Amino acid sequence: MLAELRQKSQITIPKEIIVKLGLSEGDKLDIFEKDGTICILPVVVYPKKYLDELRVELDEIKAKIASGEQPVFDSADALFAKLETD
């Protein structure tokens, strides 16, 4: 598909690509150059507060695993087997 570079360095992403990727107005796109190619990748931007809360939660889980309080499973099947017996 061809896109034309217009005034103010703007281009229109073809509708087929927008639909295929499920993009909508306001979505964020990372645009960068790599080996002479222009790359455009959809990205998700999370608020810093959300990431900080997630980091705290992960630290708590790691501490529970280290103390043995949180069981660790070798596979999803092992997890489901344990859930079925509880």
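The values are calculated or read from the model by the stated rules, or taken from the named source; none is laboratory data. These figures come from a predicted structure and were not determined experimentally. Positions of Cβ are backbone-derived with ideal geometry, glycine not excepted, and every protein chain shown enters the neighbour counts.
Scan segment 58-86 and report the pairs whose first residue is without any contact (Cβ under 8 Å) to a residue 40 or more places away in the chain and whose second residue is surrounded by 10 or more Cβ atoms within 10 Å (Cβ to Cβ) and part of a loop (DSSP other than H, G, I, E, B), with Cβ atoms within less than 6 Å and a gap of 6+ or a chain change.
As it stands, the answer is 64/70; 79/73, since those pairs meet every condition given.
Yes/no matrix, rows are residues, columns are (1) under 22 Å from the mean Cα position of the chain (by Cα); (2) at pLDDT 95 or above:
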| site | (1), (2) |
| --- | --- |
| 14 | no, no |
| 30 | yes, yes |
| 36 | no, yes |
| 44 | yes, no |
| 56 | yes, yes |
| 64 | no, no |
| 70 | no, no |
| 83 | no, no |
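Hey, any hits in segment 29-41 for a residue that's touching a Pro at 6+ places or on another chain (Cβ under 9 Å) and assigned to a strand (DSSP E or B)?
Scanning segment 29-41 turns up at least one residue that is touching a Pro at 6+ places or on another chain (Cβ under 9 Å) and assigned to a strand (DSSP E or B).
Has segment 3-14 got at least one residue that is acidic (Asp, Glu), touching a residue at least 12 places away in the same chain (Cβ under 8 Å) and not in a helix (DSSP H, G or I)?
No, the conditions are met nowhere in segment 3-14.
Scan segment 15-27 for residues that are surrounded by 10 or more Cβ atoms within 10 Å (Cβ to Cβ) and touching a residue at least 12 places away in the same chain (Cβ under 8 Å) and report the count.
4
I need the full set of residues from segment 42-86 which are within 26 Å of residue 24 (Cβ to Cβ) and in a loop (DSSP other than H, G, I, E, B), in order please.
44, 45, 46, 47
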